[in-house]
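Novice: Supplied in structure tokens, the structure appears directly below.
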Amino acid sequence: MSSSSVSVAADTMSLSKRQSCSPTADFLPLKGTDHVEFYVGNARQAAHFYRAAMGMSLVAYSGPETGQRDRASYVLQQGKVRFVLTTALRSDSPVASHVQRHGDGVRAIALWVDDASSAWRETTRRGARSVAEPFVLEDEHGSVILSSIATYGDTIHTFVQRTAYSGPFLPGFRAIDYDPIARPVGLLHIDHMVGNVGWHEMDRWVDFYASVMGFSLYQHFDDRDISTEYSALMSKVMANGNGYVKFPINEPAEGRRKSQVEEYLDFYGGPGVQHIALATNDILHTVTAMRDQGIEFLHVPHNYYTELQGRVGSIDEPIDKLEELGILVDRDNEGYMLQIFTRPVEDRPTLFFEIIQRKGSRSFGKGNFKALFEAIEREQMARGNL
Ligand code: FE2
């Protein structure tokens, strides 16, 4: 694929250019992703899926028993990946209206900071819409300062300052010491989280992450990279100063039929988080365990694997094992990476997960896009949405 090698060179150039720029002080220093909060229709049942199938452990809970009157929240953890599943207890709750509009989905991408007041001040000063001014929560374990700003759709970023806190999650949550249901699969941390935005809105949100949050362009892909016979999309990856937080932003592009991003926008009811990529250092083990525990992955056709060796060269993993599990491989000039995508994890064709193992490569799997999107389109076709 000649277009692929040209773009890899361009990516490398933009990376080295970014690194050589004289770094002005990062006005939004991020220590990583603190947690991801999903608003769901039934958190108790959703939590069972994330524990038994995705291998996360229930570590904290808040609800009526802890004095929370309008919602219940389950905090799940595996490695540094922390998800919070929140459900409404009453129909007039904003959690309920979010679920009515979007189905189950990501409400908050919470970012870990040392100063949530400064994070809010610096981002709102640069044009972010405030969702919550800095406020303090306290309990016997100390205090946490939180603040929030809006991003695409109904999604928000919450800044979490927990320097003076030693409790299990946030004040008001009760620790759960042992989870007999969790079956961990080796997930380590969030590699990236992808947002789908509307037609011609990608650059607007790229500008938001650049000017409001101080991120810079890490990689980009256009519809020549990401298109099949039927549909296309465009994507730009934005990364924060230390590279811990990466947000690819997708928009639909014109094709003969409906793009997967359009299908998402139709069913989610607007922009939102499309997928969360979770890192492992043993993808063969992780995917085997997830399959055994009932997670469904996209099917990859046999011819992908007959061409694989020629495309990526020598790799540590046996190709027949990769084919058996449906794992994709891509290489750039720094190394290679292995990745796989789940089917959407709910009935609306919206959110799904990616499992990724990086072996030197910082790419997002451009060489896999065509095979991957053809697999997605077969599923879109089966749903009558292509
Ligand atoms: Fe991804």
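Novice: How many angstrom lie between the Cα centre of the stretch 40-110 and the Cα centre of the stretch 354-386?
Specialist: That distance is 27 Å.
Novice: Quick check: net charge around Glu323, other residues with Cβ under 13 Å of its Cβ, Lys/Arg +1 and Asp/Glu -1?
Specialist: For residues surrounding Glu323, the net value is -3.
Novice: Run the quick spin-label model on Ser91 and Leu188: label points 7 Å from Cα toward the beta carbon, then report their separation in nm to one decimal.
Specialist: Result: 4.8 nm between the two label points.
Novice: Further question: Can you tell which of Ile376, Ser211, Gln78 lies farthest toward the positive end of the dipole of the chain, using +1 and -1 charges on the Cβ of basic and acidic side chains (Lys, Arg; Asp, Glu)?
Specialist: Ser211
Novice: Could you tell me what fraction of 2.2 N^0.38 Å the Cα radius of gyration of the stretch 271-369 comes to, as a two-decimal ratio?
Specialist: Here the answer is 1.05, to two decimals.
Novice: Please work out the ratio of the alpha-carbon Rg of the chain to 2.2 N^0.38 Å and round it to two decimals.
Specialist: That works out to 0.97 for the chain.
Novice: For Arg90, Arg174, Arg51, Arg71, which order do you get if you count the other beta carbons within 10 Å of each Cβ and list the fewest first?
Specialist: Arg90, Arg174, Arg71, Arg51
Novice: Determine the gain in length on full extension of the stretch Asp179-Thr288; use 0.36 nm per residue of separation and subtract their C-alpha separation, reporting nm with one decimal.
Specialist: That pair, Asp179 and Thr288, stretches by 37.1 nm at full extension.
Novice: What lysines could a cross-link reach from Lys359, if we take a straight Cα to Cα line under 25 Å and drop same-chain neighbours fewer than 8 places away?
Specialist: Within the straight-line limit of under 25 Å, Lys359 reaches these lysines: Lys17, Lys31, Lys80, Lys236, Lys246, Lys321, Lys370.
Novice: Let's see if you can work this out: charge +1 on each Lys and Arg Cβ, -1 on each Asp and Glu Cβ, no other charges. What is the dipole magnitude of the chain about its Cα centre, in debye to the nearest 20?
Specialist: Details: 39 positive and 49 negative charges, 75 e Å.
Dipole of the chain, to the nearest 20 debye: 360 debye.
Novice: How much mean residue ellipticity at 222 nm does the chain get from its helices, if each DSSP H run of length 4 or more adds -39500 (n - 2.57) and you divide by all residues, to the nearest 500 deg cm²/dmol?
Specialist: -8000 deg cm²/dmol
Novice: What ranking of His189, His220, His302 emerges when the number of other C-beta atoms within 10 Å of each C-beta is taken as an exposure proxy, fewest first?
Specialist: Sorted ascending by nearby Cβ count, the order is His302, His189, His220.
Values in this text are rule-based calculations from the coordinates and carry no lab data. This structure is a prediction, so every number in the text was calculated from the model and none was measured. Quick reminder, even Gly has a Cβ in these numbers, built from the backbone with ideal geometry, and neighbours come from all protein chains shown.
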